[in-house]
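Undergrad: Got a structure here, written out as structure tokens. Questions coming.
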Amino acid sequence: MEILTKEWNSYIESMKNAFSENKDWQEELDGCLEMAEAAKNGDEDALLDFVAYKANHGIDFEESLAFLNKKADEGDIFALKTLGFLNCVGVFNPFDESKHSLVDINTDESEQKAAAYFKKAFDLGSVHAMVWFAMRDCIHAAAESENPEENTEPAPSAEDFLKAEKSALKAIEESKKPGCDCTPEGMSTIYYWLSRVYASKNPVNPIHDEEKARYWESEYSKVQK
């Protein structure tokens, strides 16, 4: 795979120009240059990081996507998670907004693709993927629409609250084991949404518990400090 492509070089030049006006770009610019150099020198882990970065930013997109899909087919958890999140949050490129249309996240197809990638990563033992599934369950149970008439999602049932609690606590328990692939910041998202599940005053919520809600909100706050 060619590393220093025309698109990549253009992206780096844009970042250098941004850096000349705003020194906050220093860390990202240095990281990109180091990652590309390591990938060029045959570091397989760096190559995977490099391709994932390019896919997330819409650079050499089709080639990057093909590489990640090949790795995903081989059972690479990082590639599976990258593809899962790509279908959840889409492409972001601060220097080329046209790249944002490469993935339309507001479709059933994207949601199904994300679920399939995360499910495979989950089956391979990824706690990060477990967190994604748990967060999805918690959001469905606890999120309250400001405009209920515009909410097309089915209303949560008592079983949905119980499922959210179970999947969140399982992900939290798994995160305590050696080799967890989810950062504390990543875990904090599930602390927050679990607190919302317990705090929900939805009359069908069988696990409403203000004390537990405060506890998990406190755990979330500890990580954010």
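Undergrad: How much solvent-accessible surface does W216 expose, in Å² to the nearest 10, with a 1.4 Å probe and all protein chains in place?
TA: 30
Undergrad: What's the long-distance tail for region 1-121, i.e. % of Cα pairs beyond 23 Å? Don't jump to the answer; show the numbers that get you there.
TA: Working: 2286 of 7260 pairs.
Considering region 1-121, 31 percent of its Cα-Cα pairs are separated by more than 23 Å.
Undergrad: Leaving out ligands, DNA and RNA, what percent of the accessible area of region 164-225 is carbon and sulfur, probe 1.4 Å? Could the numbers behind the result be given before it?
TA: Numbers: 1950 of 3730 Å².
Summing carbon and sulfur atoms, their accessible area is 52 percent of the total for region 164-225.
Undergrad: Additional query: Order F61, F19, F92 by their accessible area, 1.4 angstrom probe, all chains in place, largest first. It would help to have the intermediate numbers written out before the result.
TA: On the way: F61 20, F19 45, F92 120 Å².
Sorted descending by solvent-accessible area, the residues read F92, F19, F61.
Undergrad: May I pose another question? Using helices alone, what [θ] at 222 nm do you get for the chain, with -39,500 (n - 2.57) per DSSP H run of 4 or more residues, divided over all residues and rounded to the nearest 500?
TA: Values: 10 runs with 150 residues, N = 225.
Using -39500 (n - 2.57) per qualifying helix, the result is -22000 deg cm²/dmol.
Undergrad: Which value, in Å² and to the nearest 10, is the accessible area of Y215 when all protein chains are kept and the probe is 1.4 Å?
TA: So the heavy atoms of Y215 present about 120 Å² to solvent.
Undergrad: Follow-up question, since we're still on this one. Take the Cα pairs of region 169-225, get the Kirkwood Rh, then feed it into Stokes-Einstein at 25 °C and 0.890 mPa s and tell me D in µm²/s. Walk me through the numbers on the way to the answer.
TA: Details: Rh = 11.9 Å.
For the chosen part, D equals 206 µm²/s.
Undergrad: Report which label in [x] 36, 19, 19; [y] 30, 22, 17; [z] 81, 12, 9 holds the value of semi-axes √(5λ) of the Cα gyration tensor in Å derived from the coordinates of this structure.
TA: The listed entry that was calculated here is [x].
Undergrad: Still on this model: Aspartates and glutamates near K225 by alpha-carbon distance under 16 Å, same-chain residues fewer than 8 away left out - which ones?
TA: E185, E217
Undergrad: A further question on this structure: For region 87-193, treating each Cα as an identical point scatterer without solvent, what Debye log10 I(q)/I(0) comes out at q = 0.14, 0.16, 0.18 1/Å?
TA: -0.68, -0.86, -1.02
Undergrad: Skip the ligands, DNA and RNA, and give the accessible area per residue of the chain with a 1.4 Å probe, whole Å². Write down the numbers at each step before the final one.
TA: Numbers: 12960 Å² over 225 residues.
Ligands and nucleic acids excluded, the figure is 58 Å² per residue.
Undergrad: Shifting gears a bit: With an 8 Å Cα cut-off and a minimum separation of 6 or more residues, compute the relative contact order for region 2-53 in percent.
TA: On the way: 27 pairs, mean separation 14.2, N = 52.
With pairs under 8 Å counted, the relative contact order is 27 percent.
Undergrad: If the limit is 19 Å between Cα atoms, which of K70/K177; K81/K166; K81/K119; K113/K163; K119/K163 go over it? Mind dumping the intermediate values first?
TA: Working: K70/K177 29 Å; K81/K166 22 Å; K81/K119 10 Å; K113/K163 22 Å; K119/K163 16 Å.
Listed pairs above 19 Å: K70/K177; K81/K166; K113/K163.
The values are calculated or read from the model by the stated rules, or taken from the named source; none is laboratory data. Given the structure is predicted, the values throughout are model-derived calculations rather than measurements. Surface accessibility is based on the protein's heavy atoms, side chains included, excluding ligands, DNA and RNA. Shrake-Rupley method; radii C 1.70, N 1.55, O 1.52, S 1.80 Å.
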